[in-house]
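What follows draws every value from the coordinates through simple rules; no lab data is involved. Model, not experiment: these values are computed from the prediction. Every residue, glycine as well, gets a Cβ built from its backbone with ideal geometry; the counts of neighbours run over all protein chains shown.
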Amino acid sequence: MAMFKRIQELIYTSNLDEVNLECIDLYKNINELSRQAFYDKDEAARLAVHRILYVINLAHLAISWELPAKNLMHPFISSIKYLLEKHWQQSEQSKYDHILSDIPAVENFPAWVKQKVAEHASNELHPLFTFLRDAATFEQMREFFFQETPLEMLFGDILAFMLPGVYGSIKVEFLKNYWDEVGHAEDHRVHRNLRAKLMNTVQIPINCYVQNIELLICEELELINMYLSLATNRPKQSELVGVMLATELMIPNRFQYSIKGWQRVGLKEDDLDYLIEHTSVDQAHSEDWLNQVVMPILINNPAAMSEVVLGIFRRLSIAMSVLDRLYNKIQTTETACIGKFKRK
Ligand SMILES: [Fe+2]
Ligand SMILES: [Fe+2]
């Protein structure tokens, strides 16, 4: 059995106090795997540890009256999450040292960050976007859309993790953003539901991001784990604020390409509500997140800037690796969706 499936069982079903010996072995194996993944840069190990971290992170969203994650807070599960996140963070940090040694003064931050995001290769200039707009087949569009499912379906939940304990104007901005995310409390306008509608149209199961983890590319798991690991680790909130800023700054432009691509392969405007909605609301979100969240934090706590900047650049860099991998994958290999989710 794949290790992430065993961890999943241990979270939801086992009496962990009775499987102590197995836990000791598993912990040793995961520790070794994590070293191979993050220090030896072993691809297979990286995929394996991100699957494990993802099932633990997902359990933080488990619904107690349906399938309670009863061992989520057991020290065994917590220590795996702690271990993987620690190794991951240590291996990442040095990549961003050159940026962190060159951060601007607080008053120059808005212009600096917009320029950095605009010129980053993960923005709309990536060739994947023009490929989606001009050339991708229906199945290639579908594979791309499938792979982006975890973050898009969980985005509102990640935002919700940020709400407690923060008050005043920052809370107000979190809530405005969240209010849009939940369709101003109209269920059919909730972004997650708009996305589900498009998934139905192209015949991808709504729960694929939970049921078909083995089909997700490593880079997308890394992306969603970055968000969920920061969201479930309170001292990392400043970094998550930076991740969210980069997200809002990027989305409006890139969705335009997917919209044109889907229309080219026959989808109607009505099917594309989810994507169209984001081309307008996110423009305002990015400005407001910058001015109402990030700047008040930085003005009052300039020392938080390095965390915020780290979040921004981790987001840009991981998003870039997702695009690179998908650009290659959807053109060269049979798409996962074709085999798994057959269209009628
Ligand atoms: Fe949204
Ligand atoms: Fe947004």
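Using alpha-carbon pairs under 8 Å, 6+ residues apart, how would you state the relative contact order of the chain in percent? Answer for the chain is 23 percent. Taking label points 7 Å from Cα along the Cα-to-Cβ direction, Ala2 and Asn301 give a separation of 3.7 nm. Could you pull out every one of the lysines with an alpha carbon less than 18 Å from that of Lys344, ignoring same-chain neighbours closer than 8 positions? Leaving aside lysines fewer than 8 places away in the same chain, those within reach of Lys344 are Lys197. Note on the chain: with charges restricted to the Cβ of Lys and Arg (+1) and Asp and Glu (-1), its dipole about the Cα centre is near 440 debye.
Considering helices alone, the calculated mean residue ellipticity of the chain at 222 nm is -22000 deg cm²/dmol, with DSSP H runs of length four and up weighted by -39500 (n - 2.57) and normalised per residue. Spin-label model, Ser94 to Asn233: label points 7 Å out along the Cα-to-beta-carbon direction sit 1.9 nm apart. With the simple spin-label model, which puts each label point 7 Å out from Cα in the Cβ direction, the Glu32 to Val265 separation comes to 4.2 nm. If R0 is taken as 30 Å, the Cβ-Cβ distance between Glu9 and Arg343 corresponds to a FRET efficiency of 0.40. Centre-to-centre separation between the Cα atoms of segment 89-152 and those of segment 208-276: 11 Å. Rounded to the nearest 20 debye, the dipole magnitude of segment 174-228 is 260 debye, with +1 charges on Lys and Arg beta carbons, -1 on Asp and Glu beta carbons, and the Cα centre as origin.
Judged by the ratio a/c of the largest to the smallest principal axis of the C-alpha gyration tensor, the chain counts as rounded, that ratio being less than 1.5. Farthest towards the positive end of the charge dipole of segment 59-212, among the residues Leu151, Leu61, Gly168, is the Cα of Leu61, using unit charges on the Cβ of Lys, Arg, Asp and Glu.
When each of Leu240, Leu298 is scored by the number of other beta-carbon atoms lying within 10 Å, the sequence from fewest to most is Leu298, Leu240.
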